[in-house]
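Scroll down for the structure; my scribbles are underneath it.
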Amino acid sequence: MRALLGPKNYLEKAGLLVSHPGAEAQRWHMDTPHLFSVGSHLPPHSLTVFVPLVDLVPSNGPTEFQLATHIKANLVAPLRLSTACCPAGSLVFYDVRTMHRGGPNASDAERPVVYLTFSRQWYRDTLNP
């Protein structure tokens, strides 16, 4: 995290997300928006790490990402999607400004994912306390 956010960052949030069998896809969203109205792209203020506790496979609805949407100018670009299919215990990093959603869980088992959100020292997420 120091390499990505600088030496002064902290663990802002930690938790467990569980998608139950039959859960529908989430709506597309950013965890936090772009912070400032400037013309240039700014470095991340927060990053999240997912740690799946089960293998993420298409049937259990892994997180889907709209690639490069952490850059404001790309929000109007044609969609490029990526799905975070990976083995249990993997690390999936993303900029909290990236559009994403949990996919539909069509399996017969829960899909638990631990998340850790790290932020620059000066930032506090007041939208998602």
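Any read-out appearing in this document is the output of simple, stated calculations on the displayed coordinates, not a laboratory observation. Since this is a predicted model, take the numbers as computed values, not measurements. Here the Cβ positions follow ideal geometry from the backbone for every residue, glycine too, while neighbour counts run over all protein chains shown.
Restricting to DSSP loop positions (anything but H, G, I, E, B) with no more than 14 other Cβ atoms inside 10 Å of their own Cβ, which trypsin sites (Lys or Arg not before Pro) remain in segment 74-129? If you can, show how the numbers build up before the last one.
Working: sites: Arg80, Arg97, Arg101, Arg120, Arg124; in loops: Arg80, Arg97, Arg124.
When the trypsin sites (Lys or Arg not before Pro) of segment 74-129 are filtered for loop state and at most 14 Cβ neighbours within 10 Å, Arg80, Arg124 remain.
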Q | J(HN,Hα) series, segment 3-20, from Karplus relation 6.51 cos²θ - 1.76 cosθ + 1.60, nearest Hz, glycine and proline x | A | 5, 9, 10, x, x, 9, 9, 8, 7, 7, 9, 8, x, 10, 9, 10, 9, 8
(Q) Using Cα springs under 10 Å in a Gaussian network model of the chain, which residue among His45, His100, His20 shows the largest mean-square fluctuation? (A) His20
Q: Could I have the simple spin-label model distance between Leu35 and Val49, label points 7 Å from Cα toward Cβ, reported in nm to one decimal?
A: 2.1 nm
(Q) If the only charges are +1 at each Lys and Arg Cβ and -1 at each Asp and Glu Cβ, what is the size of the charge dipole of the chain around the Cα centre, to the nearest 20 debye? (A) 540 debye
**Q.** Where only alpha carbons of the chain are counted, the Rg and the Dmax (Å)
**A.** 15.0, 46
